[in-house]
Ligand code: 4AD
Ligand code: MG
């Protein structure tokens, strides 16, 4: 009995002349009456292994059932390839079919499907070269994130997915309830009586693990979260998901400059890791999906990010002479068109913008002495816009409380958050990296729906 070997390993350490067993899915079959060539992919690498079968040695009906999409196991001798295009191939001795695939109804028969068609067939799109590459890279980036933080002494903290807080204060939450929607219990004033709900209070899916992350940082020193995040914002864009993954480091004793240094070092590390460890998948995406991809990745690693304040950004945009769809002016939030102008036309580099007006940022950000701005930072990337949002946090109890009251946030629900500012408060900072936005950049894909296995967007929760 030969043991199964994965194609990636087989190609890295070819044991020429030895018998091997490979298992995978048929990408293509061609040949003639005498000889059959099968391209087999097992998902371990973008590369297919070529199987060569002498037609006379196999049942005609078996060979007929080896069609695109079928799952097979092949035992055979590993030999140097006779033809071009590959170095090694397997000269088949035995073929077993695990699962046939009807040639007339298998959705991935022809080449060149549209991305939209593949989204509708998200259950099968993993079997294409493009999506195989994207999801292998996504895995590598998730691994590298843990490695990066582990190597510098950060602790992975699991913050809750069901919570009573709206960390960002934007009100874009999915409610979590076991109440019967047909007979909702109400108090005398007509308001829903959440005391009868599962948790005895109103709860929602988390929009951010930050507030709980801060509790961890103010004891463990440096932590990060990496988990699913939910936003019920009705944004149908190639950059927004209702369910996405976010990485949120939070560090005691970091000011905004330390925070920016970490963010820049972190994303550069990840991109370098991809360049070194995902070569074949990146080469494929560069060649077939987004020409120039590898060059853009190297460019980001090799250049310092530009750091400017919001006020400077507004001045640049105002002086640009551009006609904007959304007006530019101090106090207005920057839109995608503004962010992309700064990154893609003005600076031609990633840009970090700091010190935004407090009105357009969350309640927890540290207030500057000018009384108008906060210690916020957004990292903007070419082709994407905002990829990271973060800030130094307001660690002064009175200032934080005043801001909570000013914004009429539910003060009593935030008692535990305020407590950290009463007992051993410390300067601290953190940020959130949108995992899918980052994967968009690394893979050069155009739509965020194509870098998460099963996208959740308005009116879409298939699979
Ligand atoms: O800027 P945001 O809203 O910041 C926070 O949630 C902070 N609590 C982070 C922190 O300081 N710990 O979100 C952070 C990042 C954005 O820059 C973006 O990359 C991503 O999360 N993001 C989304 N990604 C996909 N779909 C959405 N709807 C997203 N909303 C935010
Ligand atoms: Mg943001």
Notebook entry, point to check: In degrees from 0 to 90, rounded to the nearest 10, what is the angle of the helix 397-406 Cα long axis to the longest principal axis of the chain?
Noted result: 90 degrees
Check: When N is the residue count of the chain, what does its C-alpha Rg come to as a fraction of 2.2 N^0.38 Å?
Finding: 1.18
Checklist line | Taking the range 339-446 and dividing mean pair separation by its residue count, relative contact order in percent (alpha carbons under 8 Å, at least six apart) | finding: 24 percent
Next item on the list: Between residue 3 and residue 419, with labels modelled 7 Å along Cα→Cβ, what's the label distance in nm to one decimal, could you check?
Entry: 5.2 nm
Next item on the list: With a 10 Å radius around each residue's Cβ, average the other Cβ atoms per peptide and rank 74-81, 95-102, highest first.
Entry: 74-81, 95-102
Check: Remind me, relative contact order of the chain in percent, using alpha carbon pairs under 8 angstrom and six or more residues apart?
Finding: 13 percent
Check: How do 36, 451 line up, fewest other C-beta atoms within 10 Å first?
Finding: 36, 451
Check: Which of the peptides 203-216, 40-53 is most tightly packed, and how do the rest follow, judged by the mean count of other Cβ atoms within 10 Å per residue?
Finding: 203-216, 40-53
Margin query: Test of understanding: ordering 267, 289 by Cβ neighbours within 10 Å, fewest first, what list do you get?
Written below: 289, 267
Next item on the list: Measure off 7 Å from each Cα along the Cα-to-Cβ vector at residue 290 and residue 62, then give the distance between these two points in nanometres to one decimal.
Entry: 4.4 nm
Note to self: Could you work out the relative contact order of the range 7-106? I mean the mean sequence separation of Cα pairs under 8 Å and 6+ apart, divided by the number of residues, in percent.
What the structure shows: 29 percent
Next item on the list: May I ask for the angle, rounded to the nearest 10°, between helix 210-220 and the longest principal axis of the chain, with both axes built from Cα atoms and the value confined to 0 to 90°?
Entry: 90 degrees
Next item on the list: Starting with the fewest neighbours, write out 146, 158 ranked by other beta-carbon atoms found within 10 Å of each beta-carbon.
Entry: 158, 146
Notebook entry, point to check: To the nearest 500 deg cm²/dmol, what mean residue ellipticity at 222 nm is calculated for the chain from DSSP H runs of n ≥ 4 alone, each contributing -39,500 (n - 2.57), summed and divided by the residues?
Noted result: -8500 deg cm²/dmol
Margin query: Give the separation of the Cα centroids, the range 155-199 to the range 48-108, in Å.
Written below: 54 Å
Next item on the list: For residue 170 and residue 100, calculate 0.36 nm times their separation in residues minus their Cα-Cα distance, and state this gained length in nm to one decimal.
Entry: 20.2 nm
Next item on the list: Measure nothing but the geometry: give the 0 to 90° angle between the long axis through the Cα atoms of 256-277 and the longest principal axis through the Cα atoms of the chain, rounded to 10°.
Entry: 0 degrees
Checklist line | Relative packing of 229-237, 324-332, 86-94, 382-390, which averages over residues the other C-beta atoms within 10 Å, highest first | finding: 382-390, 86-94, 229-237, 324-332
Next item on the list: Measure out, as a whole number of angstrom, how far apart the alpha-carbon centroids of the range 291-336 and the range 347-412 sit.
Entry: 18 Å
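FYI, it's all coordinate maths here, none of it is from the lab. Keep in mind the model is a prediction, meaning the values are calculated, not measured. Neighbour counts run over all protein chains shown; Cβ positions are idealised from the backbone, glycine included.
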